[in-house]
Amino acid sequence: MARQLPQPHRDDIDLVTVLQALADPVRLELIRTIAREGDPRPCSVDCYDVDVKAATLSHHWRVLREAGVTTTTVDGRRRWVTLRTDDLHTRFPGLLDAVTADPA
């Protein structure tokens, strides 16, 4: 049976916290990958073009989840990440589109 890890309620998502989470280049790449490839996406390190160890990737996922950027669902031994697109669009219209746009 799948369960979601703790995350902030939509009304508690704070812009400064979201921007701090997205300021890290690895986390920004993770978010861009999910936006490009679609979600849900697995949390495993071999699914993303980032050069970090599994424990470091786990830390990045936690920061994004606690900031309210993603939702993590645990299904057995697998973890799936989903962008909180609707919540972010409601709280900060245009932000997610701006940060996931392909850099020129």
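Laboratory data are not the source of any read-out in this text; all were calculated from the coordinates shown. Bear in mind the structure is a predicted one, so any value in this text is a computation, not a measurement. Cβ atoms come from the backbone with ideal geometry, glycine included; neighbour counts cover every protein chain shown.
Filtering 27, 36, 10 for residues that are buried (at least 17 other Cβ atoms within 10 Å of the Cβ) and of a type in the set (Lys, Arg) leaves a single hit, 27. If the condition is being over 13 Å from the mean Cα position of the chain (by Cα), part of a loop (DSSP other than H, G, I, E, B) and farther than 20 Å from residue 73 by Cα, then the stretch 1-29 contributes only 14.
Filter the stretch 32-77 down to the residues that are of a type in the set (Lys, Arg) and free of Cβ contacts under 8 Å to residues at least 40 places away in the same chain, then identify the one that is farthest from residue 7 (Cα to Cα).
Kept after step one, since they are of a type in the set (Lys, Arg), are these residues of the stretch 32-77: 32, 36, 41, 53, 62, 65, 77.
Among the residues that remain, those that are also free of Cβ contacts under 8 Å to residues at least 40 places away in the same chain are: 53, 62, 77.
Numbers: 53: 24, 62: 9, 77: 20 Å.
Looking at the filtered set, the residue picked out is 53.
Out of everything in the stretch 39-64 that is in contact with a Leu (Cβ under 8 Å, 6 or more places away or on another chain) and closer than 20 Å to residue 88 by Cα, what residue ends up being surrounded by the fewest Cβ atoms within 10 Å (Cβ to Cβ)? Only one residue fits best here, namely 39.
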